Amino acid sequence: MRSARHLAWAVLLLLGCANPDLGRRYRAERDLLNADLRYHALSGTPRRPDDARWRGLAAEYAAIAARSMPDADTAPDPGSGLWEQLQQIAARALFTSAQIHAALQDSVRVDQIFQQMATAFAGLPEIAGEVSLSRGRIAEGRGDLREAIEHYESIVRDFRPNPGEPGIGGAVLPLPLRIAQLRARLALAADDSSHYAAARTYYRRLATDMASPRLAAEATALLADIASELGHWAEAARVLQRLERQLKGLRPRTRDPGEARFAAVEARLHLHASQDSMRADIDRLVNDYPRHQLAPRALLALANELAARGRSDGALQVLDRLLQEYRTSSVVPDALLAKAQLLEQEGRWKEAVGAYRTLRSGHPVSLAALRCHLDIADHYLREGNDYARMEALEQAQRAYRDFLVRYPENPYTYRAWEFLIRTLTLQQRHGEAVDEMLRLSERVAGSSKEPQLLMDAARTAATQLGDTSRAIAILQQTAQRLPQTRIGTWSTHEIDRLRGGSTP
Amino acid sequence: MDWFRPLGIAGLAWRSVATVADRRSLWTPALIVAASQLLVLLVLLFFHLPGLVRVAGPLVQLLGGESATHYPAHIEALPGMLDRACLALEVLLAWVALGATTLRFAGAYGVSQDEGEWAGARHDAVALAAIVALGVAARLGLSAVLAASPVGSKLGTWAGLAGRMCAGLLVQTALAYAAAFLLLRGASIRDAVAGSLRLARRNLATTLILVAVPAALVLPSLIAAQLLRPFAATHPGLVAGVLAMRVGLGALATVLLVGSATRLFLSKSRMRR
């Protein structure tokens, strides 16, 4: 019995060797997960929750961080890894708190949090790097480009790029390009390649790193981006060809070599090469990647280039090849529209109508099919045939209304509605156009399109309809719906002016 | 196979249990085991509390691995940890309850302690503990064979659960009467196991029914614990509640099984007052 008691005590003593931070970490993980669940719940509500609830959640994250931070006087136990895990949790909580404050546009609080993090996590380079990155992004969003550049440069200096990996290493590689772009913006000299010299040197060094083929390929891709941005198309084409070769040898592939080839061909198109060399390029691309999703796009790009150079016959041949060999491609509607437009330009109207008809019947739910109605009306306008034009506009108007009824929640619904408004305006049915602008503005309430629609409606009411009271009513509605915005303030001023007798 | 007669016999055994079920002394051993299991559950659930983590933390690591010390993996691992802890409790403690319940049921059915060959209590305790340990080992071994499945597959999880249940049923059927042989007839370990196997074989269907029905009482809570795993993070209380319910149902199942097996043993061995 005594030996059993001794054994029990020995077991308890052995068991009692656990680090108490184990419990703290567990509670921190639990609290963080619960806070994340509330974050997702608030983000997912149809109506935007009030700021007080968001601030409460941000405070909760900050409290989690405070509870998770290991005591300053507790010696860390490097063997257990708990210390670092607790700091990771605290950092994550503080990041989210800062994110919420940034969304609430409370830059003072955001700065405070990041200062706190810079001090508290100075000994953890990864977290310090993430803090720098966030501060850089926030500074950039605020328009403080110099501060953003400073933060990004510190990251590039202190961290080795590790593309595709989570954490700060995965975010390093694009930063030299971003720094170059910001410098060019500061200098108001987007085309000045001297701002990109440092980035080019950085990427050239990495692009030849045989020890890390993935890193080399990503660096090559960024070199191609620089060349494209600066309009150095010959260099871009060369670099993209090299990228294609690198990607073909990479396992697993991180990018599509077909896309690199397509981008190279597009770059050469910008070089204004001869028609024959352009066709040869596209033919090689389509032969090497016949089943690639970009092959029909390449043919369409060639057709557009040929058409832009006045080579309509060549363009039509290429379009026919595309329509023949890639019947199910998503670019077929665009190809049919391009073909119809080319035929119309060539005076081959009957054939153009055939192409428009094929487009409308075969691909009714496409942007190209929506546009073709107005194209037809434009043709009659150029011919001076008013009757046919009005008929075409009436058909277009019916087609757009029909589309809106059939497809109220389609990705093209907004464009169809825009086309309807344009058609009604062309038909001089300004009252209906204003009604549709207001209805559309309600549909897109909260988006950046809403203010423009309301402005256009007010302007049309005042100028086209001569209905000042209606214009005022629309402006009052605008001021109510967008109270603390520039457009809301502008509306209030415009109401005063209209009442004084001017037009907006 | 004719199931009506065995069902009838099993029904009579359960009726006997129901007749004496109001005696508190019959429930006490099983309730003590259930209380210890609940205590273990609480310790595992709240291991992270400042006063408890030093002792309970290593226990959680032992039973569930390092991942079980993280949230919400801890809640997902809770059913498995409780199973392992209860296995240990079974070997350390449950044999006492088994012996006490068997004797108390025998007394309730009118068997005098002066009858039969009673060996010394110490001998019974060691032998009974050995039989329970044997049963646990057999269950574990059989589970490993029956429950083998691809790691991580959803079907594998359910197959594993079914395998463990089948293993438990088989071993309990084989050893259903071992405690009674040991304590009421004073048999040795070998004779008790052999006797139990013989009696179970002769009354296979009845024994299967006597074992399966109490197991079926616990089955819904086992299934619920599995189904609730994806909700461990959002409803940890629900998982813990289902496990607590399982412990309670387990006590009920134990009393039902021991009472009915003892009744059948007595009727077959004709030990009456």
**Message:** Between 0 and 90 degrees, rounded to the nearest ten: what's the tilt of helix A:51-68 against the longest Cα principal axis of chain A?
**Reply:** 30
**Asked** In sequence order, what are the phi-derived ³J(HN,Hα) couplings for the range B:59-65 according to the Karplus relation 6.51 cos²θ - 1.76 cosθ + 1.60 with θ = phi - 60°, rounded to whole Hz, with x for glycine and proline?
**Response** 5, 5, 4, 5, 7, x, x
**Item:** Mean ellipticity per residue at 222 nm, deg cm²/dmol - from DSSP H runs of n ≥ 4 across chain A, formula -39500 (n - 2.57)
**Value:** -24500 deg cm²/dmol
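Once every DSSP H run of n ≥ 4 in chain B is given -39500 (n - 2.57) and the sum is divided by its residues, what mean residue ellipticity at 222 nm do you get, rounded to the nearest 500 deg cm²/dmol?
My calculation for chain B gives -26000 deg cm²/dmol from helical runs alone.
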**Request:** Assuming R0 = 60 Å, can you tell me the calculated FRET efficiency for the pair residue A:448 and residue B:46, based on Cβ-Cβ distance, to the nearest 0.05?
**Result:** 0.75
**Request:** Please give, to one decimal in nm, the separation of the simple spin-label points placed at residue B:216 and residue B:159, each 7 Å out from Cα toward the Cβ.
**Result:** 2.6
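Using 1/(1 + (r/R0)^6) with R0 = 22 angstrom and r between the beta carbons of residue B:39 and residue A:33, what's the FRET efficiency to the nearest 0.05?
It comes out at approximately 0.25.
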**Message:** Can you pull out the chymotrypsin sites (Phe, Trp or Tyr not before Pro) in the range B:1-79 whose DSSP state is coil and whose Cβ has at most 13 other Cβ atoms within 10 Å?
**Reply:** B:3
**Item:** Label-point gap, in nm, between residue A:386 and residue A:42 - each point 7 angstrom along Cα→Cβ
**Value:** 6.2
**Residue order, fewest to most beta carbons within 10 Å, for A:43, A:134, A:312** = A:43, A:312, A:134
**Item:** Cα long-axis angle, helix A:349-362 against chain A (0 to 90 degrees, to the nearest 10)
**Value:** 40
**Request:** Please work out how much length the chain gains when fully extended from residue B:205 to residue B:188, using 0.36 nm per residue of separation minus the C-alpha to C-alpha distance, in nm with one decimal.
**Result:** 3.5 nm
**Prompt:** For the residue pair residue B:19 and residue A:405, what label-to-label distance in nm results when each label sits 7 Å from Cα along the Cα-to-beta-carbon direction?
**Reply:** 8.2
**Message:** If you split all Cα-Cα distances of the range B:186-273 into 5 Å bins from zero, what percentages do you get per bin, shortest first?
**Reply:** 3, 13, 17, 16, 14, 11, 9, 7, 6, 3, 1, 0
**Over the protein assembly as shown - Rg/Rh using Cα atoms and the Kirkwood inverse-distance radius** = 1.14
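Bear in mind that the values in this text are calculations on the coordinates, not laboratory data. Because the structure is predicted, anything quoted here is derived from the model rather than measured. Don't worry about glycine lacking a Cβ; one is built from the backbone with ideal geometry, like all the others, and counts go over all protein chains shown.
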